[in-house]
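The values are calculated or read from the model by the stated rules, or taken from the named source; none is laboratory data. These numbers come from a predicted model, not from an experiment. No Cβ is skipped: glycine too gets one built from the backbone with ideal geometry, and neighbour counts run over all protein chains shown.
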Amino acid sequence: MMLSGIAKFYAVYFSLQALTGSERVFITLPSMAGALSIVLFSLLMRIYDEMKDAEADTRLGRAGDPRYKDRPIVTGAVTIADLAVLRWTTTAALIAINVPLGRWPVIGFSVLFVVTWLSFKWFFWPKISRHLLLAFLTHNPISLLFGAYIVTVYAGDFGSSNIDAWALLLMLAFWAPLGAWETARKIRAPVDETDYETYSQVFGWKLAPFVPVAFIAVGTASAILVSIQIGLGWVFPIVVAGASLVPVYRCIAFRVSPNRKTANIQPFVELYSVVMDLGLLAAVLASRGIDLSRLSV
């Protein structure tokens, strides 16, 4: 997830530069701090999820749910006190890294930090924790704010005057694979359903696999449109379109034959997401080249 976070950051950061028509893309010290912040925010969100779901995860694990019975918080290998220490250490690191970055990044950081903290409190409405769709609608769009934070780091380095609607489409391409991942990992075959709420329970197993397919379609279309606007050529669109077919095929396989094997869609979505991030990053670098002249204090 560390490498993934860095790749996501620079795929967006460099693409924003390329969208302005820049012949080179620059790496800066603030951008390095921003990339590290994306990694730390991902860790903080993971810690928040572990802490707020500890009771439910323990209950599911002790009931024998195969996805929960061996989790460290269930077995006792990790305690809430351990997570609390990690939470505050991560929070302190994020603040220390972002405060020196200037107005725009601090604004982006502050908004993202407050919203993630609110999500830790279930937005002060405990019912959200018991309703899968409410949890998705309130929590998953936070990924868009990760993209917005990257935009503010870019604005701190290069100004905000060149940020337009293409930045929004880029953020959509950044977010959609995460929506696909979140929905894909909570699909199970009918015989494997437990008390754990899944999208295959909410939508029914026949419709559920098409939810991640919809996110994949949005993400792929957005990324291809951005790549055309940048002028990245035909290789990236073909690679991304091909990669998108892998999880789509898996979703269709589940629809045709719902079982424990075909329900394992998550790894295929993760592969697609990696190809999206690394593919866009590589395509921009191949098209523009990188300039280290701004990498100074």
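Any residue at all in region 153-175 that is surrounded by 21 or more Cβ atoms within 10 Å (Cβ to Cβ), of a type in the set (Val, Ile, Thr), closer than 22 Å to PHE26 by Cα and at pLDDT 95 or above? The answer is yes, given that some residue of region 153-175 is surrounded by 21 or more Cβ atoms within 10 Å (Cβ to Cβ), of a type in the set (Val, Ile, Thr), closer than 22 Å to PHE26 by Cα and at pLDDT 95 or above. Picking from ARG59, ARG46, which residue would you name as being over 22 Å from TRP88 (Cβ atoms) and either part of a helix (DSSP H, G or I) or touching a residue at least 60 places away in the same chain (Cβ under 8 Å) (or both)? Matching residue, one of ARG59, ARG46: ARG59. Taking the criterion of being assigned to a strand (DSSP E or B) and not aliphatic (A, V, I, L, M), would at least one residue in region 197-211 satisfy it? No, region 197-211 contains no residue that is assigned to a strand (DSSP E or B) and not aliphatic (A, V, I, L, M). Evaluation of GLN229 against the conditions (1) touching a residue at least 60 places away in the same chain (Cβ under 8 Å); (2) closer than 30 Å to ALA56 by Cβ shows that the sole unmet condition is (2). So, in region 57-88, exactly how many residues are loosely packed, with under 13 Cβ neighbours inside 10 Å and of a type in the set (S, T, N, Q)? Total meeting the criteria: 2.
When region 169-191 is filtered for residues that are in contact with a helix residue (DSSP H, G or I) (Cβ under 9 Å, 6 or more places away or on another chain) and either of a type in the set (A, V, I, L, M) or over 23 Å from ARG46 (Cβ atoms) (or both), the ones remaining, listed by number, are LEU169, LEU170, MET171, LEU172, ALA173, ALA176, LEU178, ALA180, ALA184, ILE187, ALA189, PRO190.
Restricting attention to region 199-221, the residues that are buried (at least 20 other Cβ atoms within 10 Å of the Cβ), of a type in the set (Gly, Ala, Ser) and within 19 Å of the chain's Cα centre (by Cα) total 1. When region 34-56 is filtered for residues that are crowded, with 18+ Cβ neighbours inside 10 Å and of a type in the set (Asp, Glu), only GLU50 remains.
Taking each residue of region 177-189 that is in contact (Cβ under 8 Å) with a residue 24 or more places away in the chain and among the aromatic types (Phe, Trp, Tyr) and looking for partners that are assigned to a helix (DSSP H, G or I) and surrounded by fewer than 21 Cβ atoms within 10 Å (Cβ to Cβ) with beta-carbon atoms closer than 9 Å, six or more apart or interchain, yields TRP181/GLN266; TRP181/GLU270. Looking across region 1-33, the residues that are surrounded by fewer than 21 Cβ atoms within 10 Å (Cβ to Cβ), out of contact with any Asp or Glu (no Cβ under 9 Å at 6 or more places or on another chain) and aliphatic (A, V, I, L, M) come down to MET1, MET2, LEU3, ILE6, LEU29, MET32, ALA33.
Yes or no, residue by residue, for (1) in a helix (DSSP H, G or I); (2) free of Cβ contacts under 8 Å to residues at least 12 places away in the same chain:
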residue	(1), (2)
VAL240	yes, no
LEU245	yes, yes
THR262	no, no
SER273	yes, no
SER293	no, no
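The criterion of at least 1 residues that are of a type in the set (Phe, Trp, Tyr) and within 23 Å of LEU295 (Cα to Cα) is met, among helices (runs of 4 or more DSSP H) falling completely within region 73-184, by 103-120, 142-158.
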